[in-house]
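Report on one structure; see the data block that follows.
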Amino acid sequence: MPATVVVGLQWGDEGKGKTTDLLAESVAMVVRYQGGDNAGHTIVLGDAVFKLHLVPSGVLHPHITPVIGNGVVVNPQTLLDEMAMLEARGIDTAKVRVSEAAHVIIPYHIALDGAMEARLAGDEIGTTHRGIGPAYADRAWRVGLRMADLLEPRVLRGKLERVLPEKNAVLEQTHGLQPFNLGELISRATGGASGCVRTSRTPPSSCSRRLPMVSTCFSRVPRGHSSTSITARTPT
């Protein structure tokens with residue numbers, strides 16, 4: 001399948017979202033393959049202005065299947081909120097798909113992001129404090145949680161039980177912050193803040209707030225180098 005790849009070569013604001021939205025008119029899929037909700041893509045549709053942080057820009061086109069690939073780190077709450085915003089403004093999000101291999105941003109990632117920036121005291125990197133860097137660090141260390149883990153409570157609990165003590169120790173001992181509770185994290189991941197994850201086993205009407213279908217068929221979406229890049233795939 002041929003593809004057109006949009007890559008940012010600066011620190012953002014190159015117009016990747018606008019470019020992708022333009023290219024989306026003649027393609028079948030738009031794929032986010034890197035970054036997270038630190039992106040800010042502004043799209044204008046007539047007099048309406050849409051600011052997207054996680055959902056691919058192609059969502060504004062009804063013929064497009066927007067895909068969040070395995071190279072993206074996903075904050076489930078941000079995704080739910082953004083989809084709700086789009087639905088409220090008349091944009092159908094039923095086609096949005098997320099790779100089951102995409103890593104999940106956990107609340108401790110956000111806490112660590114802010115704490116590490118504060119610790120640099122004037123020499124901070126200037127992150128968005130959304131947990132992007134810490135989530136990618138866990139991905140590299142092979143201790144991160146993936147979207148598929150949200151489908152399996154036993155697996156989710158097991159992974160959190162292994163990693164949470166170390167995260168809490170860093171938060172408490174290094175940064176003087178409150179630790180996270182295992183039960184609360186599991187509740188938020190499986191039925192609280194993130195609603196439920198819809199799969200082929202879950203009827204669409206089974207929950208009022210749901211993440212888009214987690215699909216294995218997009219688990220090999222190409223990985224890129226820009227934190228806000230998007231891949232537009234042409235139809236077969």
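Tabulated data
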item: Calculated FRET efficiency for the pair Arg188/Ala88, C-beta based, R₀ 30 Å, to 0.05; result: 0.85
item: Partner lysines for Lys167 [C-alpha distance under 20 Å; skip if fewer than 8 residues away on the same chain]; result: Lys159
item: Lys, Arg +1 and Asp, Glu -1 on Cβ, resulting dipole of the range 1-71 about Cα centre, debye, nearest 20; result: 120 debye
item: Segment Gln10-Gln173, length gained on full extension (0.36 nm per residue, minus Cα span); result: 55.1 nm
item: Reach of Lys51 by Cα under 16 Å, taken over lysines that are not fewer than 8 positions away in the same chain; result: Lys16, Lys18
item: Label-point separation, Arg154 to Ile125 (7 Å along Cα→Cβ), nm; result: 3.7 nm
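Each reported figure results from applying straightforward, stated rules to the coordinates on display, with no laboratory input. A quick note: this is a predicted structure, and the numbers were derived from the prediction, not measured. Because the Cβ atoms are built from the backbone with ideal geometry, glycine has one as well, and the counts that use them run over all protein chains shown.
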